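Notes follow the structure.
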Amino acid sequence: MNILLLGSGGREHALAWKMRQSNKTNKLYIAPGNAGTGLVGENVSIRVTDFSAIKRFVIENKIDMVVVGPEDPLVNGIYDFFANDAVISNIPVIGPSKEGAKLEGSKKFAKGFMMRYNIPTAKYMSVTKDNLEEGFQFLESLSPPYVLKADGLAAGKGVIILNERLEAIDVLNRMLSGMFGSASKTVVIEEFLSGIECSVFVLTDGKSYKVLPVAKDYKRIGEGDTGLNTGGMGAVSPVPFANDVFMKKVTEQIIEPTVNGLIEEKIEYKGFIFIGLISVKGEPFVIEYNVRMGDPESEVVVPRIKSDFVDLLEGVANGNLNEKELEIDERYAATVMLVSGGYPELYEKNKKIEGLDKIKDTLVFHAGTIKKEGSVYTTGGRVLSLTSFGDSKHEALQKSFDVAEKISFDKKYYRKDIGFDL
Ligand code: AMP
Ligand code: GLY
């Protein structure tokens, strides 16, 4: 079949690389893609939220399936755009409907959903300018630190954690006054949960589901989890603390109620559910839902899937996912992200990348790269995700750290402590 994948990061390179391996894949297009996706498919210059351009491309190129990488097109309703247009309504879009995408697009909706199905999550209150006094009282009832979340999408920056109540009040006021534009007109105040986090990925056809490998990502720029938040500096899979006992709780208390809740509310959902979890003394709590795969988690989760990925996605599209086999590679996978010096603040682009041709056993997934005149240049903060396998976490990581030294570009930076806390 002919597949169109939307997105341009390391996640999309990993997905494209995997889909290329399926003998069900004929043409594979990535919009807009990067230098890495160009190695396994054909990049097309279309923005992921330009639905009419996507429609034209799908018709002209006889696309049989659209796979959505990032959240933006999903939250903006690409699933419904296809479903409601007679010309393309027969072409499956892998992703939730606009209503389902609210699990990521609205923190208030996600919290309400969790309350309705008794899914364990932090205590919260949803606040606007109209019930601000109640919000202040709720803050007073909590002990520090205080967690404030913009209701809507805020490019990964909408969660602010503060140690002082007065500071929290100040930031709450600023958020409600447009600190994140309309995304923070509603703010969710949450109790702070202390524990260790992991990412659980579920693939669902809206009836049945499969649990993909669990991963842990590293969000802060600095070693020892210090400094600013980034899109992700590395990831490992599996996660030792997410053992069978823990995953049984996750399945019973979180995954099943989530999928059943979607069915109960007649929310169409044919795609990935990414559950950001925190283990508090061995008990799982949901920190957030996302409606897509994670990045850089995909760079370790996808390579561990042994089954034909396109066949699984076909199961999602056709509603017979329960008939498909999901086979997982037992080995450890680790990915280390090479980033541009200065990221996540100001950084320079357009640095020539050298050494890519020397890499053998490690998978190099491109995140922010572009090909120009036969060479590859940096074009983003996160540049390359280096994924290796090993029989131990240590072996997998060591291979990626070794490769991190073999690839060079001006002001390259990476964290040398990925996976050390597990
Ligand atoms: P997000 O931008 O939604 O991924 O959230 C950013 C990070 O904030 C999460 O990965 C957690 O580390 C942290 N966080 C969010 N909510 C809570 C909470 N209720 N308690 C503790 N940490 C939290
Ligand atoms: N790695 C976290 C995310 O993709 O949101």
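At a glance:
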| item | result |
| --- | --- |
| Estimated distance in nm for a label pair at Asp357 and Asn243, the labels positioned 7 Å out from Cα along Cα-to-Cβ | 4.9 |
| Of all accessible heavy-atom area on the stretch 1-108, the percent that carbon and sulfur account for (1.4 Å) | 45 |
| Local net charge near Ile169, Cβ-Cβ under 14 Å (Lys/Arg +1, Asp/Glu -1) | -3 |
| Lysines whose Cα lies under 22 Å from that of Lys129, excluding same-chain neighbours fewer than 8 positions away | Lys102, Lys107, Lys108, Lys111, Lys149, Lys157, Lys185 |
| Inter-label distance for Asp50 and Asp85, nm, one decimal - labels placed 7 Å from Cα along Cα-to-Cβ | 1.3 |
| Compactness relative to 2.2 N^0.38 Å, alpha carbon Rg of the stretch 292-406 | 1.24 |
| Where N is the number of residues in the chain, Cα Rg divided by 2.2 N^0.38 Å | 0.96 |
| Å² of accessible area per residue within the chain, as computed with a 1.4 Å probe and no ligands counted | 42 |
| Cα-centred dipole magnitude for the stretch 149-303, charges only on beta-carbon of K, R (+1) and D, E (-1), debye, nearest 20 | 200 |
| Percent accessible area from carbon and sulfur atoms, the stretch 198-351, protein chains only, probe 1.4 Å | 46 |
| Length gained when the stretch Asn322-Ser194 is fully extended (0.36 nm per residue, less Cα-Cα span) | 42.5 nm |
| Inter-label distance, nm, simple model (7 Å from Cα along the C-beta direction), Lys24/Arg174 | 4.9 |
| Neighbour net charge for Lys306 - beta-carbon separation under 10 angstrom, K R +1, D E -1 | -4 |
| Net length gained if the chain between Asn229 and His394 were fully extended (0.36 nm per residue, minus Cα distance) | 56.9 nm |
| Lysine pairs within the stretch 234-344, Cα separation less than 23 Å, 8 or more sequence positions apart or different chains | 7 |
| Signed unit charges on C-beta, dipole axis of the chain, positive-most listed residue Leu203, Val300, Val40 | Val40 |
| Cα lying deepest toward the dipole's positive end in the chain, options Gly380, Pro240, Phe180, charges on Cβ | Gly380 |
| Relative contact order computed over the stretch 259-335 (Cα-Cα under 8 Å; 6+ residues apart), in percent | 24 |
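The values are calculated or read from the model by the stated rules, or taken from the named source; none is laboratory data. All values reported here derive from a predicted model rather than from experimental measurement. Note that we place each Cβ from the backbone using ideal geometry, even for glycine, and neighbour counts take in every protein chain shown. The accessibility values were calculated without ligands, DNA or RNA, using every heavy atom of the protein model including side chains. Shrake-Rupley method; radii C 1.70, N 1.55, O 1.52, S 1.80 Å.
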